[in-house]
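Worksheet: the structure to be examined is printed underneath.
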Amino acid sequence: MNARLSKLARRIQRAAVRVVMAATPTRRHLVINGFPVDEGNAVEMVRASAERYPGTVCWLVPEIGEARRVLDSCGADPDGRVVIVPHRSIVGLRWFVTAEVSMFTHGLFGNPGRVPRKTMVNLWHGGGFKGHIMSDERGRPTISSDFLVAATRKFGEARARECRLPAGGLLVTGNPRIDQFARSSTAGLERLGIDRERPFVLWMPTFRKNKGRGLTAGWSDVAGDAPADVNAAMAACVELLAREYGLAVVVKPHPQDAESRSIPGALIVTNERLRESGIQLYELVGAAAGLLTDYSSVWIDYLALDRPIAFVVPDEAGYASGRGFDPSDALDWLPGPKIVDEADARAFAEDVLAGGVASGARRREVAEEIGQVAEPGVAHRILDELSARGVFALPLRPRAPAPSARSAPGA
């Protein structure tokens, strides 16, 4: 019942907001929203827009004070140009319905349909191969936009079909959050309890059971009553990596994960700890010597660093029968091994310590197959693409030189 009421409420909200958007004038301002408040794609678009957008930049957030601390800690608004407005408010709605351009990672105000004169840009927050990312169980789009940002040609085209994106709306630019890799070497990781003198592997699992948020009820992506124990599989890996190879393991849980990812011997870093420490997530990701993940899209971004990647997916069958994968051959194109037994964990650890030489050819093969875009300066590239399409009423300001995208782990 709760799920049905949630869907009904969203449909009503979507229709009402679309009517208001169509009826109100267009103002010269840009609206950006991301979840959580420090979501990398949104923050990097705020940074680039504050530098180059000629109108007002409005950031819609859950809480103003928290958002201001995020901007101050990462230096994304040095000139104080960004107007911070509560997301779930009448004021926030007014900014959204009158914006010439709005950008979001999860949709805004019920995800209203497209209207003339007001451009919506779906930054999304990944763009991997999970099934039904942007559609419901009947295949109907759940998020409408004029443009969709993607990090790869292959997965971007799959998402564009799924959300019925208008022709020419796919922007294969890369994810803006990879711009944070350039700041990994200067991030204060010691504030998180990470020793820079010791290489570490980052485990970033996606959720299996989602908490739900706002009008969206929680759900499970794994079929069956007795899913495989992901934490148990990871715990054995953590113990081996530390005992025999001296590798630390840092766990970054998904903010919507309804299950604990606390693993003995591993350091847990939550979104809250990152904010308290003044560190952006992809500054942490960029400092890792290797990545362990699963169905999360983080590996696509990490591929740009050309370092070892492995996958902990003991529940692969249940996930395939549940949420599923799109494209269907997605797991045939992983850039690293699945950790099935101790031998796999050993091979991964040795590859990490050797700088990823053993798995380098596979990463390059996968990057070519999926059409990955790994060049830095993504946020500015998105603004330039939109400007070239006549989205902005006024020309963008010139950009400052972009920093290098890569930083060595432990540098």
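Over all distinct Cα-Cα pairs of region 49-146, the Kirkwood formula returns a hydrodynamic radius of 15.0 Å.
To check you understand DSSP bridge types, tell me what percent of the beta bridges within the chain (both residues inside) are antiparallel, rounded to 5. Don't jump to the answer; show the numbers that get you there.
On the way: 8 of 45 bridges.
Looking only at bridges with both residues in the chain, the antiparallel portion is about 20 percent.
Once the other residues with Cβ under 10 Å from the Cβ of Ile268 are scored (Lys, Arg +1; Asp, Glu -1), what is the net sum?
On the way: positive: Lys252, Arg261, Arg273; negative: none.
Taking every Cβ under 10 Å from that of Ile268, the sum is +3.
Adding -39500 (n - 2.57) for every DSSP H run of four residues or longer, then dividing by how many residues the chain holds, sets the calculated 222 nm ellipticity at -10000 deg cm²/dmol.
Taking Lys and Arg as +1 and Asp and Glu as -1, the other residues whose beta-carbon sits under 12 Å from that of Phe96 total +4.
Sorting Asp179, Asp294 by the number of Cβ atoms found within 10 Å of their own Cβ, with the fewest placed first, yields Asp294, Asp179.
Among the listed pairs Lys7/Lys209; Lys252/Lys338; Lys118/Lys209; Lys118/Lys252, which are separated by more than 30 Å between their Cα atoms? With Cα atoms farther than 30 Å apart: Lys118/Lys209; Lys118/Lys252.
Compared with the dominant principal axis of the Cα atoms in the chain, helix 230-245 is inclined by about 60°.
Working note: Cα gyration tensor of the chain, eigenvalues times five, square-rooted, sorted largest first, giving semi-axes of 34, 25, 20 Å. Per-residue Cβ neighbour counts within 10 Å put Phe155, Phe207 in the sequence Phe207, Phe155, beginning with the fewest.
Here the Debye sum runs over all C-alpha atoms of region 182-370 as equal scatterers in vacuum, and log10 of I(q)/I(0) at q = 0.10, 0.17 Å⁻¹ comes out as -0.39, -1.20.
For Glu239, Glu276, what ranking results if the residue with the fewest other Cβ atoms within 10 Å of its Cβ goes first? Don't skip to the end; give the middle numbers.
Numbers: Glu239 16, Glu276 13.
So the ranking, lowest neighbour count to highest, is Glu276, Glu239.
A short reminder: the numbers here are calculations on the coordinates, not readings from a lab. As the structure is a prediction and not an experimental result, all values here were calculated from the model. Note that we place each Cβ from the backbone using ideal geometry, even for glycine, and neighbour counts take in every protein chain shown.
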